[in-house]
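Shown next, in structure tokens, is the structure this report addresses.
The values are calculated or read from the model by the stated rules, or taken from the named source; none is laboratory data. A quick note: this is a predicted structure, and the numbers were derived from the prediction, not measured. Note that we place each Cβ from the backbone using ideal geometry, even for glycine, and neighbour counts take in every protein chain shown.
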Amino acid sequence: MSTATTAVTYCRICEPLCGLIATVDDDRLVSLRPDPEHPLSKGNACPKGIAFTEVQNDPDRVLHPLRRTADGEFEQVSWDEALTDIAVRLRKVWDEDGGSAVGHYLGNPSAFSYSAALWSGLFLKRLGSTHQYTTGSQDINSRFVASKLLYGAATQMPFPDLPRTDFVLMLGANPHVSHGSAIRAPRIKHELSAITARGGRVVVVDPRRTETAKAHEHVRVRPDSDAWLLLSLLHVVFAEDLVDEAAVAAQSTGVDLLRAAAAGYPPEETVVRTGVDAATVRQLARDFATAPSATAYGRTGACLGRHGTLVSFLIDVLSLVTGNLDRPGGTVFSQGVIPLEELAERAGAMTYGATHSRVGGFPDVMGIFPSGIMAEEITRTGPGQLRALIITAGNPVLTVPDGERLVEALGRLDLLISFDLYVNETNKHADYVLPAVTFLEREDFPFALTAASPRPFFQATEAVLKPYGEARPEWEVFEELMHRMGMAMTSGGPLSFVNRPLLALEKRGLRLTPRRLMVTLLRTGPFGDRFGLRRGGLNGKTATEHPHGVVLGEHASTGLLPEVVLLPGKKVRLDPPEIAEELARLGERHRLDGADGSDPEFPILLIGLREIRSQNSWMHNSPTLMKGPRRQSARVHPNDAAAAGVVDGGTVRIVSRHGSIEVAVTVTDDVGPGTVAVPHGWGHRGGWHLANASEGTNVNRLMSSDPADFETLAGMSLLNGVAVRLEPGS
Ligand SMILES: Nc1nc2c(c(=O)[nH]1)N[C@H]1C(S)=C(S)[C@@H](COP(=O)(O)OP(=O)(O)OC[C@H]3O[C@@H](n4cnc5c(=O)[nH]c(N)nc54)[C@H](O)[C@@H]3O)O[C@H]1N2
Ligand SMILES: Nc1nc2c(c(=O)[nH]1)N[C@H]1C(S)=C(S)[C@@H](COP(=O)(O)OP(=O)(O)OC[C@H]3O[C@@H](n4cnc5c(=O)[nH]c(N)nc54)[C@H](O)[C@@H]3O)O[C@H]1N2
Ligand code: SF4
Ligand SMILES: [Mo]
């Protein structure tokens, strides 16, 4: 007789957080299927979500603490042994050198675990760590900096009001595959086709004719030239009196900087750089400005070039000057149901440039520095040298520039520990790998990017499985470690913005848990019950009463600008000095480079590419996702293939100034001539049988970890528009 039960939960692999139904039997996961009753995802889920069953039940999963032995292998040890030793070693480093010797790298999956993200943050704050790294410098920090400069609020994440817009201009995003990022829209494909179905337009600006571009209008742009394209669009808007002057006056200050800057970039001059002909740019600007409503949106393709912050900045500027900011169908402001980020902003915790990195002198972005400098921070001696590193849910060896250099550096640490589901390419060099719970083994609350939701929504979930083996939630381990180091999370001065609610709980004699913190914040948030003052508001029981989640409004709120903008006068600032300086640098580059900016020795520009059945570096051990069998391949234009002497199905050698790789070739005119696209997250040498057996290589060997090559304002790694040349493979 089957004892199977089902539980309602949601996926936490990527940003839509699609509803899932888990079938559990005898404390084991039997299967996952899409939740037809989920109000937003409505029975949709992608292959990764369903295949997560194979991760959950993967025989290669790490289920017990592992310790490195003298011969470099791992042995199983008890939690007690592991934590005792880690606490002693960490305390020693800290006693000797303080917080400037202790670091943390927070990987992408922690963006979906509020408890791991919050408690690791508290832990590092308590230690006074000056070495905090995240995937942000390979992903979104440029967007945060743009928001800080424009709105005075780094975590403000303006997003396209898809259900109501008439025109989306999308730069460097491929939601048909990524399922949407920095926007929470589980059925984004449908949302986009609904726009065209009601007579609107979706224009995709991308060097590759992507899955999204094929379904909509495609404007092919040369990699890393979006800043020029956006300035030309603004040029036309200003020159042809397409500006919504009333909106500009009411919402912003400092427009003259951009008016003057854009004047220098007529489309006829930028065509050599962007590859987009002037007539197309002019028409696009007119159509965008005169559409009943319009919104410009950018994602990783807009963030990972040499001017990522400027590009993110200009994207919002285009919406603003055409009267499309903070209004229905335009670009609207994010609003957390649990106002964690808002609280942090108001407390001044979301800093920019409050401190600078030892290596490269980069401004902090909310206390975070570019991951690309980690290797040098470990190897460069002197005060502030990074000696002990904790990695929570990350695989930087495959995901940051120049992983090989990082591997060498990791070997020099006094202590390296990692919380993960697997032995991956990074933590295989650790002293300890600690078994983390999967998302099905932990409760969760929405935070971070969930605030960018065209339909305000709340769903929280209980754990649907007991942890397998000895897996433990990270937050509990951080707390335990703190205790074993003879310290406490909340004692010792103003630790962080969450300290006050934590202390309030403490006063009531309640143990401080991440969950209690979230419920407290939920109740005080924009939709909360204010502890009984607002009838029907959200509280600690809402999640149980509404397991599929609650829709909190038909549409995102507008008219939020006075609340959102934390700058003097409550106006968007269009002329921050950082942007003025960056515009000057852009101008300088424009003059110095050859007309199109290309390097004769490395004439091809490399960009990234995401695939439906990959999730960065960590789902290549799933038999279902790897069926085919699959292999990583470079997308090469027929002309470039012919010139380099490579053929479809063969191999190509890709050479940059910093390294070279060999990879399989797919010849396709989806990429334009002069562009090659290569997926990241391959080249497996971890503890995974299937992934290790797959062909593939780490594309980030081609990337530079020299600070001089990072984007200036946010320290973004240069991962798109990397100059390479192609040679026949061996
Ligand atoms: N060239 C190039 N490089 C890129 C990118 C690109 O477009 N091009 N994209 C960048 C981007 S956007 C990102 S976000 C980064 C990702 O960079 P990382 O976060 O460094 O790498 P991931 O591949 O996401 O690895 C996450 C690790 O977390 C583990 N994990 C999964 N779930 C959990 C969990 O619930 N708990 C714990 N503790 N561990 C878990 C996985 O086993 C895996 O080892 O890569 C970046 N690198
Ligand atoms: N299946 C799957 N889904 C994922 C992930 C995954 O690995 N696999 N990763 C998740 C993560 S961590 C993230 S951050 C999101 C990312 O979400 P998206 O940014 O929507 O996803 P990408 O596929 O990286 O899209 C970036 C696009 O930018 C284009 N591009 C590259 N260079 C340039 C340029 O210079 N200018 C312009 N205009 N375009 C450029 C690329 O061709 C690509 O189509 O996806 C998430 N979803
Ligand atoms: S799109 Fe796929 S991986 Fe992302 S949340 Fe939905 S089911 Fe999970
Ligand atoms: Mo990402």
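Going by the structure shown, is residue 262 of a type outside the set (Ser, Thr, Tyr), part of a helix (DSSP H, G or I) and buried (at least 16 other Cβ atoms within 10 Å of the Cβ)? Spell out the reasoning first.
Values: of a type outside the set (Ser, Thr, Tyr): yes; part of a helix (DSSP H, G or I): yes; buried (at least 16 other Cβ atoms within 10 Å of the Cβ): yes.
For residue 262, the condition - of a type outside the set (Ser, Thr, Tyr), part of a helix (DSSP H, G or I) and buried (at least 16 other Cβ atoms within 10 Å of the Cβ) - is met.
Report, by residue number, each residue of segment 427-459 that is within 20 Å of the chain's Cα centre (by Cα) and within 14 Å of residue 62 (Cα to Cα). Spell out how you get there, then give the answer.
From segment 427-459, those within 20 Å of the chain's Cα centre (by Cα) are 438-439, 444-454; that's our starting set.
Listed by number, the list holds a single entry, 438.
Take segment 17-47 and flag every residue that is closer than 23 Å to residue 457 by Cα, out of contact with any Phe, Trp or Tyr (no Cβ under 9 Å at 6 or more places or on another chain) and not aliphatic (A, V, I, L, M).
Restricting attention to segment 17-47, the residues satisfying the condition of being closer than 23 Å to residue 457 by Cα are 17-22, 32-46.
Of the ones still in play, those that are also out of contact with any Phe, Trp or Tyr (no Cβ under 9 Å at 6 or more places or on another chain) are 21-22, 33-34, 36-37, 42-46.
If the condition is that a residue be closer than 23 Å to residue 457 by Cα, out of contact with any Phe, Trp or Tyr (no Cβ under 9 Å at 6 or more places or on another chain) and not aliphatic (A, V, I, L, M), then 33, 34, 36, 37, 42, 43, 44, 46 are the ones that fit.
Looking at (1) within 16 Å of ligand 3 (Cβ to nearest atom); (2) under 30 Å from residue 542 (Cβ atoms), which one does residue 328 not meet, given that it meets all the others?
The one condition residue 328 does not meet is (1).
Restricting to segment 24-73, and then to whatever is within 22 Å of residue 689 (Cα to Cα) and acidic (Asp, Glu), can you tell me which residue is surrounded by the most Cβ atoms within 10 Å (Cβ to Cβ)?
Top of the filtered list is 58.
Which one of these does residue 224 not meet: (1) within 22 Å of residue 177 (Cβ to Cβ); (2) away from ligand 1 (no atom under 16 Å from the Cβ); (3) charged (D, E, K, R); (4) part of a loop (DSSP other than H, G, I, E, B)?
The failed condition is (2).
Among the residues of segment 300-328, what is the count of those that are part of a loop (DSSP other than H, G, I, E, B) and either buried (at least 24 other Cβ atoms within 10 Å of the Cβ) or of a type in the set (Asp, Glu) (or both)?
Applying the first criterion (part of a loop (DSSP other than H, G, I, E, B)) to segment 300-328 yields 304-307, 322-324, 326-328.
Checking which are either buried (at least 24 other Cβ atoms within 10 Å of the Cβ) or of a type in the set (Asp, Glu) (or both) leaves us with 304-305, 307, 322, 324, 326.
Going through segment 300-328 one residue at a time, the tally reaches 6.
Matching residues to (1) within 16 Å of ligand 3 (Cβ to nearest atom); (2) over 28 Å from residue 360 (Cα atoms); (3) of a type in the set (Phe, Trp, Tyr):
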position	(1), (2), (3)
641	no, yes, no
647	no, yes, no
666	no, yes, no
682	no, yes, yes
690	no, yes, no
699	no, no, no
713	no, no, no
718	no, no, no
727	no, yes, no
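Sort out which residues of segment 385-409 are in a helix (DSSP H, G or I) and of a type outside the set (Val, Ile, Thr), and write them in order of number. Write out each step before concluding.
First, pick out the residues of segment 385-409 that are in a helix (DSSP H, G or I): 396-399, 403-409.
Hits for segment 385-409 are 396, 398, 403, 404, 405, 406, 408, 409.
Please return the ranges of strands (runs of 3 or more DSSP E) entirely within segment 6-113 where 1 or more residues are modelled with pLDDT of 95 or more, over 28 Å from residue 544 (Cβ atoms) and more than 16 Å from ligand 4 (Cβ to nearest atom). Even if it seems obvious, please write down each step before you answer.
Working: elements: 19-25, 28-34, 66-68, 74-76, 102-106.
In segment 6-113, the matching strands (runs of 3 or more DSSP E) lie at 66-68, 74-76, 102-106.
Report yes if some residue within segment 702-724 is within 14 Å of ligand 1 (Cβ to nearest atom), crowded, with 20+ Cβ neighbours inside 10 Å, part of a strand (DSSP E or B) and not small (Gly, Ala, Ser); otherwise report no.
Yes: segment 702-724 contains one or more residues that are within 14 Å of ligand 1 (Cβ to nearest atom), crowded, with 20+ Cβ neighbours inside 10 Å, part of a strand (DSSP E or B) and not small (Gly, Ala, Ser).
Read through the list (1) under 23 Å from the mean Cα position of the chain (by Cα); (2) more than 30 Å from residue 564 (Cβ to Cβ), then give the number of the only condition that residue 410 fails.
(1)
Yes or no, residue by residue, for (1) out of contact with any strand residue (DSSP E or B) (no Cβ under 6 Å at 6 or more places or on another chain); (2) within 16 Å of ligand 3 (Cβ to nearest atom); (3) free of Cβ contacts under 8 Å to residues at least 24 places away in the same chain:
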| position | (1), (2), (3) |
| --- | --- |
| 223 | no, no, no |
| 232 | yes, no, no |
| 258 | yes, no, no |
| 300 | yes, yes, no |
| 303 | yes, no, no |
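Do we have any residue at all in segment 270-281 that's surrounded by fewer than 21 Cβ atoms within 10 Å (Cβ to Cβ), of a type in the set (A, V, I, L, M) and closer than 21 Å to residue 161 by Cβ?
no
Looking at (1) surrounded by 15 or more Cβ atoms within 10 Å (Cβ to Cβ); (2) of a type in the set (Lys, Arg); (3) within 22 Å of residue 211 (Cα to Cα), which is the one condition that is false for residue 653?
(3)
Of the residues that sit in segment 524-565 and are in a loop (DSSP other than H, G, I, E, B) and aliphatic (A, V, I, L, M), which one is farthest from residue 8 (Cα to Cα)? It would help to see each step written out before you state the result.
Just the residues of segment 524-565 that are in a loop (DSSP other than H, G, I, E, B), to begin with: 525-527, 529, 533-537, 539-541, 546-549, 552-560, 565.
Filter again for aliphatic (A, V, I, L, M), leaving 533, 552, 556, 560, 565.
Working: 533: 30, 552: 19, 556: 26, 560: 33, 565: 37 Å.
Filtering first and then ranking leaves 565.
Tell me which of these residue 228 doesn't satisfy, since it passes every other one: (1) touching a helix residue (DSSP H, G or I) at 6+ places or on another chain (Cβ under 7 Å); (2) over 16 Å from residue 579 (Cβ atoms).
Here residue 228 meets the rest and fails (2).
Here is a yes/no grid of residues against (1) under 23 Å from the mean Cα position of the chain (by Cα); (2) over 30 Å from residue 523 (Cβ atoms):
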| residue | (1), (2) |
| --- | --- |
| 317 | yes, yes |
| 324 | no, yes |
| 334 | yes, no |
| 349 | yes, no |
| 356 | yes, yes |
| 364 | yes, yes |
| 379 | no, yes |
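I'd like the residue in segment 115-128 that is part of a helix (DSSP H, G or I) and either within 16 Å of ligand 3 (Cβ to nearest atom) or among the small types (Gly, Ala, Ser) (or both) and, out of all such residues, is surrounded by the most Cβ atoms within 10 Å (Cβ to Cβ). Spell out how you get there, then give the answer.
Going through segment 115-128, the residues part of a helix (DSSP H, G or I) turn out to be 115-126.
From the residues that got through so far, the ones that are either within 16 Å of ligand 3 (Cβ to nearest atom) or among the small types (Gly, Ala, Ser) (or both) too are 115-117, 120-121.
Details: 115: 24, 116: 26, 117: 23, 120: 23, 121: 23.
Checked segment 115-128; the qualifying residue surrounded by the most Cβ atoms within 10 Å (Cβ to Cβ) is 116.
Of the numbered conditions (1) within 16 Å of ligand 1 (Cβ to nearest atom); (2) under 30 Å from residue 293 (Cβ atoms), residue 405 satisfies every one except a single condition; which is it?
Residue 405 satisfies all of (1) within 16 Å of ligand 1 (Cβ to nearest atom); (2) under 30 Å from residue 293 (Cβ atoms) except (2).
Between 177, 88, which is at negative phi, within 16 Å of ligand 3 (Cβ to nearest atom) and surrounded by fewer than 21 Cβ atoms within 10 Å (Cβ to Cβ)?
177
Could you tell me which numbered condition residue 158 fails, if it satisfies all but one of (1) touching a Phe, Trp or Tyr at 6+ places or on another chain (Cβ under 7 Å); (2) of a type outside the set (A, V, I, L, M, F, W, C); (3) assigned by TED's automatic domain parsing to the domain that holds residue 293; (4) more than 23 Å from residue 330 (Cβ to Cβ)?
Going through the list (1) touching a Phe, Trp or Tyr at 6+ places or on another chain (Cβ under 7 Å); (2) of a type outside the set (A, V, I, L, M, F, W, C); (3) assigned by TED's automatic domain parsing to the domain that holds residue 293; (4) more than 23 Å from residue 330 (Cβ to Cβ), residue 158 breaks only (4).
Of 130, 134, which residue is more than 16 Å from ligand 2 (Cβ to nearest atom) and within 25 Å of residue 357 (Cβ to Cβ)? It would help to see each step written out before you state the result.
On the way: 134 fails: more than 16 Å from ligand 2 (Cβ to nearest atom).
Of the residues listed, the single one that is more than 16 Å from ligand 2 (Cβ to nearest atom) and within 25 Å of residue 357 (Cβ to Cβ) is 130.
Just to check your reading of the model, which residue among 646, 663 is in a strand (DSSP E or B), crowded, with 18+ Cβ neighbours inside 10 Å, at pLDDT 95 or above and aliphatic (A, V, I, L, M)? Let's see the steps before the verdict.
Working: 646 fails: in a strand (DSSP E or B).
None of the other options fit; the residue is 663.
Among the residues of segment 367-424, count how many are among the hydroxyl-bearing types (Ser, Thr, Tyr) and under 25 Å from residue 52 (Cα atoms).
So the first thing to find is which residues in segment 367-424 are among the hydroxyl-bearing types (Ser, Thr, Tyr), and the list is 371, 379, 381, 392, 399, 418, 422.
With the extra rule that they be under 25 Å from residue 52 (Cα atoms), the set shrinks to 392, 399, 418, 422.
Residues that pass the stated criteria total 4.
Are there any pairs, at least 6 apart or on different chains, whose C-beta atoms fall under 6 Å, with the first in segment 407-422 and in the same structural domain as residue 618 (by TED's automatic domain parsing) and the second within 16 Å of ligand 4 (Cβ to nearest atom) and not hydrophobic (A, V, I, L, M, F, W, C), and if so, which?
Close Cβ pairs satisfying both conditions: none exist.
Residues checked against (1) surrounded by fewer than 22 Cβ atoms within 10 Å (Cβ to Cβ); (2) touching a helix residue (DSSP H, G or I) at 6+ places or on another chain (Cβ under 9 Å):
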residue: 342; (1), (2): no, yes
residue: 348; (1), (2): yes, no
residue: 351; (1), (2): yes, yes
residue: 356; (1), (2): yes, no
residue: 399; (1), (2): no, yes
residue: 403; (1), (2): no, yes
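So for segment 611-629 (the condition being more than 16 Å from ligand 3 (Cβ to nearest atom), closer than 27 Å to residue 727 by Cα and in contact with a Ser or Thr (Cβ under 9 Å, 6 or more places away or on another chain)), does at least one residue qualify?
There is at least one residue in segment 611-629 that is more than 16 Å from ligand 3 (Cβ to nearest atom), closer than 27 Å to residue 727 by Cα and in contact with a Ser or Thr (Cβ under 9 Å, 6 or more places away or on another chain).
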